[in-house]
There are 2 protein chains.
Amino acid sequence: DNFSDQDWGNQQSTNTQNYESVEYWDDEWDDDSETGAPPPPPLSHGVHLVPVTKSSSLTDDCAIGRSDSKGTVGRRNLNRFSTFVKSAGESYIMGTVKINVPDSDKVFIIENELGVIWSPITQPYECMVASPKKETKLKGLKSFIAYQLTPTFNHIQVSRRYKHFDWLHERLEEKFNLIPIPPLPDKQISGRYEEQFIEHRKNQLQAFVDSVCRHPVLSRSSVWEHFITCTDEKRWKQGKRKAEKDELVGAHYFLAIQAPENIINQYQLEQDTEACSRFVHSMDGAVKNLMACSVDQTKKHQGPYKREYQKVGQAFYNFGQVFGMEESKGSSSTSLTTAIKELGDTYNDIGKMFEEQPKLDWEPLGDTLHIFKGILSAFPDILTVHKGALQKRKECEKLTFDHKMEASQMQEVTKRTDAVSYALLAEINHFHKERTSEIKISMKRFLQEQVRFYKNIVEKLESALTKFEE
Amino acid sequence: DNFSDQDWGNQQSTNTQNYESVEYWDDEWDDDSETGAPPPPPLSHGVHLVPVTKSSSLTDDCAIGRSDSKGTVGRRNLNRFSTFVKSAGESYIMGTVKINVPDSDKVFIIENELGVIWSPITQPYECMVASPKKETKLKGLKSFIAYQLTPTFNHIQVSRRYKHFDWLHERLEEKFNLIPIPPLPDKQISGRYEEQFIEHRKNQLQAFVDSVCRHPVLSRSSVWEHFITCTDEKRWKQGKRKAEKDELVGAHYFLAIQAPENIINQYQLEQDTEACSRFVHSMDGAVKNLMACSVDQTKKHQGPYKREYQKVGQAFYNFGQVFGMEESKGSSSTSLTTAIKELGDTYNDIGKMFEEQPKLDWEPLGDTLHIFKGILSAFPDILTVHKGALQKRKECEKLTFDHKMEASQMQEVTKRTDAVSYALLAEINHFHKERTSEIKISMKRFLQEQVRFYKNIVEKLESALTKFEE
């Protein structure tokens, strides 16, 4: 038993490692001939600060900036901020940034009995990601996978490739420094199970799209709207260029925040952000733990569970075959032979059911957890951006105390810092709402599928049992 | 996956080996102070021939005799026949044995539409083996386990120890050379799970008792009746000595067979015995295979299955604990925390159910298979005893052909050989009846318990699901 303990233990950790380490580049990646545009150039218009490394992201580091080096999707831009640039965050706090904010970019924060929240979505919509199709271009010389997106507000289908999602994701991360962008599916080599892989990726993209659609800010952003509605290739390229040249990104985007007038209580704010930080840290561990469990159980269902049930099936079937040798002996022996063989078939079928089951329960739960894993991994950087703003504000308070800054100017600094804090509080609230409702839905679905699975087993066994009662 | 394949594979074969090799002496064995009698002395009244070793038991070896060296129960008597003794079988065939057969010892064989059968049991009865009790003797200085037996025909309870069963088994094997005696449970060291071990041994003894009670000859034998009815210690010792001195044992017992007058068609007989031999060989393999599967599944239920479900339970429970950290955030979060934690508890409970389940399905099925394994292992020797009789008969036919034996004497030889053949055919028929009805009952019970098990899982999961619907 100890022997087996170790094996299962080792196997799990091996599986987990494999899972974690499979972060190969999507082989579609370098193929951008469809749009003809080179990857966006390194940003240099001074929006971001030096990158905050993961290990220091929860320390008192006063940098106002955000590392994009989380997970696979950001890897390409690992060195995007390697050149030191003037702090756009500090400029924003000091009120020296002058950019016109069009009404369409403004986002509103309100405070009501639920707390500080983003102005709620008034016209909720969804966007279906349909089963992917293989498309061709250059008169069939090149083929690629395209996913069909259909928003519920116009029912007009658009076709997007994974690399378009990737481009979109980059834009969203660049623009919304205070919002953890839901992650895309990991880049993986599709391998031999291509069909299953593509189907699963479709589900993961659907989870990403759903998460964006539920977000009061992201779901109304122009780059997202462009992504889910543009059908014309010329307009697509125009919108693409416009998004890449957007000035209201990173700390500049703070200008778009329309926050309540009330001054935020700094003690309460600290309590809230620290609670958030602790919660994010704990939930991150729990999510990773449950994801590892999900991956592990999936492998066990497809490996040992399936194999064990089929071994049982084989043993019964062989037993039935022997009984068939001397059917003339003993009354009712013929039907008994059949019954035993069918019992063998039943366990063999149950083995197959175990193999197929994870697609219905563990995999969808894993997809939800993947979204939260990405969101949770983005939170520390967001909290650091916020801390940087508070740090700048404290510096200004000292200047004011030393009479080196006007009280009226300090009031403006406070207002702008509060806008950042309001945005963070609204985002924390949105996150808690999401984790409550989405985890509940996912767990319910998981359990419903588990119930259905074991009911199917009961049904199969009951059917096998009737053969012994004839 | 290959890695895991190997592990499970290795584990199984290891388990099987362990199971097969655990044939330690029962530690009760040497304690015979209760009856005060030494083990029975080596038999020397010429009843048996030289032992037939296992490897040669299906060859054309003409010996009329039967090795008792099958499995654990006979090990003690391994060298019982080491001294060459005059063939009682040959004497019987030649008609030179003169022993008076009391009416109570006579067994009748009839031939009807079912074929050649032992005269059926007219007053069927059962004998319950009750939960074992610890008893003491020598004023509490010695303690031992005693099983309570209660036959349904008199409802008088008798108390028997394992060593009494062992003594009985020896008597039955000695007396009935043409009947495969159902095996006793293996002698095993009880170890630390003593209570479970004793309870299981009780079930195995019940299976042995049931099998004897269903046998038309064994269930009416005087030694068996003595065993299940004698309550008086003095009479017990008398009956014990009488059974040990019984002359109608082995080949002498053939005198007790009252067979039909019809002469047996030798071609048909050969077909039947060869079919039996083939079937026994095949079923022996299938039974051992399914038993190994049963042992393996039992270990898997108590080891990896339990562990895996409890790992899942732990992952959900931990997840729920994290959700409890920030219950004030997000409506319905408190009940969600509870629901997730209870989901964790549910899988933990299902893990425990997996651990307990084999006692209800695989173990009872294994007990039935154990009985058949013992019976099947005895068949080759029985077929060899029969072949020895046919061989002697052929010798007599040659003598008659050469005018060295009277035709009338040959007729008597044929009649006596046919009595042995009739007994074998009756026993083969009984065996087929048994394997059909008992395997059917066992499989049905197994399946009913499996259905109940998975229904319980469904119920548990459904109950956990309601918590997410509040």
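The values are calculated or read from the model by the stated rules, or taken from the named source; none is laboratory data. Everything numeric here is computed off the predicted structure, so don't read it as measured data. Positions of Cβ are backbone-derived with ideal geometry, glycine not excepted, and every protein chain shown enters the neighbour counts. The area values use the complete protein model at the heavy-atom level, side chains included, leaving out ligands, DNA and RNA. Shrake-Rupley method; radii C 1.70, N 1.55, O 1.52, S 1.80 Å.
Give the residues of segment A:291-309 that are under 15 Å from B:Val312 (Cα atoms) and touching a residue at least 12 places away in the same chain (Cβ under 8 Å), sorted by residue number.
A:Met291, A:Ala292, A:Ser294, A:Val295, A:Asp296, A:Gln297, A:Thr298, A:Lys299, A:His301, A:Tyr305
Just checking, how many residues over segment B:213-226 are out of contact with any strand residue (DSSP E or B) (no Cβ under 7 Å at 6 or more places or on another chain) and touching a residue at least 40 places away in the same chain (Cβ under 8 Å)?
9
Any idea how many residues of segment B:260-276 are part of a helix (DSSP H, G or I) and buried (at least 17 other Cβ atoms within 10 Å of the Cβ)?
The qualifying residues number 4.
What residue, among those in segment B:416-437 that are touching a residue at least 60 places away in the same chain (Cβ under 8 Å) and open to solvent by 30 Å² or more (accessible area, probe 1.4 Å), is nearest to the other protein chains (Cβ to nearest Cβ)?
B:Asn429
Restricting to segment A:122-136, and then to whatever is surrounded by fewer than 13 Cβ atoms within 10 Å (Cβ to Cβ) and part of a strand (DSSP E or B), can you tell me which residue is nearest to the chain's Cα centre (by Cα)?
Per the criteria, the residue is A:Ser131.
Taking the stated definitions as given, is B:Lys288 among the charged types (D, E, K, R), touching a helix residue (DSSP H, G or I) at 6+ places or on another chain (Cβ under 7 Å), at the interface with chain A (Cβ under 8 Å from one of its Cβ atoms) and open to solvent by 30 Å² or more (accessible area, probe 1.4 Å)?
Taking the combined requirement at face value, the residue does not satisfy it.
Report, by residue number, each residue of segment B:144-193 that is β-branched (Val, Ile, Thr) and part of a loop (DSSP other than H, G, I, E, B). Quick ask: steps written out before the conclusion?
Quick first cut of segment B:144-193, residues β-branched (Val, Ile, Thr) only: B:145, B:150, B:152, B:156, B:158, B:179, B:181, B:189.
Selection gives B:Thr152, B:Ile156, B:Ile179, B:Ile181, B:Ile189.
With surrounded by fewer than 20 Cβ atoms within 10 Å (Cβ to Cβ) and away from every other protein chain (no Cβ under 14 Å) as the only criterion, which of A:His403, A:His386 stands out?
Going through A:His403, A:His386 in turn, the sole match is A:His403.
In segment B:291-306, how many are surrounded by fewer than 21 Cβ atoms within 10 Å (Cβ to Cβ) and at the interface with another protein chain (Cβ under 7 Å from one of its Cβ atoms)?
Going through segment B:291-306 one residue at a time, the tally reaches 1.
Return the only residue of B:Asp381, B:Asp361 being away from chain A (no Cβ under 14 Å), within 19 Å of the chain's Cα centre (by Cα) and touching a residue at least 60 places away in the same chain (Cβ under 8 Å).
Only one candidate qualifies: B:Asp381.
Go through segment A:443-468 and report how many residues are more than 7 Å from every other protein chain (Cβ to nearest Cβ) and open to solvent by 10 Å² or more (accessible area, probe 1.4 Å).
Number of matching residues: 9.
Only one of (1) at pLDDT below 85; (2) under 29 Å from A:Ala389 (Cβ atoms) is not met by A:Lys106, so which one is it?
Going through the list (1) at pLDDT below 85; (2) under 29 Å from A:Ala389 (Cβ atoms), A:Lys106 breaks only (1).
Anything in segment A:212-239 that is more than 21 Å from the chain's Cα centre (by Cα) and either part of a helix (DSSP H, G or I) or surrounded by fewer than 17 Cβ atoms within 10 Å (Cβ to Cβ) (or both)? List them, or say none.
A:Thr229, A:Thr231, A:Asp232, A:Glu233, A:Lys234, A:Arg235, A:Trp236, A:Lys237, A:Gln238, A:Gly239, listed by residue number.
Name the one entry in B:Leu365, B:Leu390, B:Leu343 that is assigned to a helix (DSSP H, G or I) and within 30 Å of A:His430 (Cβ to Cβ). I'd like the intermediate steps shown before the answer.
Values: B:Leu365 fails: within 30 Å of A:His430 (Cβ to Cβ); B:Leu390 fails: within 30 Å of A:His430 (Cβ to Cβ).
On inspection, the qualifying residue turns out to be B:Leu343.
Would you point out which residue out of B:Gln321, B:Gln314 is open to solvent by 20 Å² or more (accessible area, probe 1.4 Å) and within 8 Å of another protein chain (Cβ to nearest Cβ)?
B:Gln321
I'd like to check something: does segment A:345-356 contain any residue that is open to solvent by less than 30 Å² (accessible area, probe 1.4 Å), modelled with pLDDT of 95 or more and among the small types (Gly, Ala, Ser)? Write out each step before concluding.
Just the residues of segment A:345-356 that are open to solvent by less than 30 Å² (accessible area, probe 1.4 Å), to begin with: A:346-347, A:350-351, A:354.
Subsequent filtering for residues that are modelled with pLDDT of 95 or more retains A:346-347, A:350-351, A:354.
Among the residues that remain, those that are also among the small types (Gly, Ala, Ser) are: A:351.
Yes: segment A:345-356 contains one or more residues that are open to solvent by less than 30 Å² (accessible area, probe 1.4 Å), modelled with pLDDT of 95 or more and among the small types (Gly, Ala, Ser).
Yes or no: A:Leu248 surrounded by fewer than 22 Cβ atoms within 10 Å (Cβ to Cβ) and within 15 Å of the chain's Cα centre (by Cα)?
It is false that A:Leu248 is surrounded by fewer than 22 Cβ atoms within 10 Å (Cβ to Cβ) and within 15 Å of the chain's Cα centre (by Cα).
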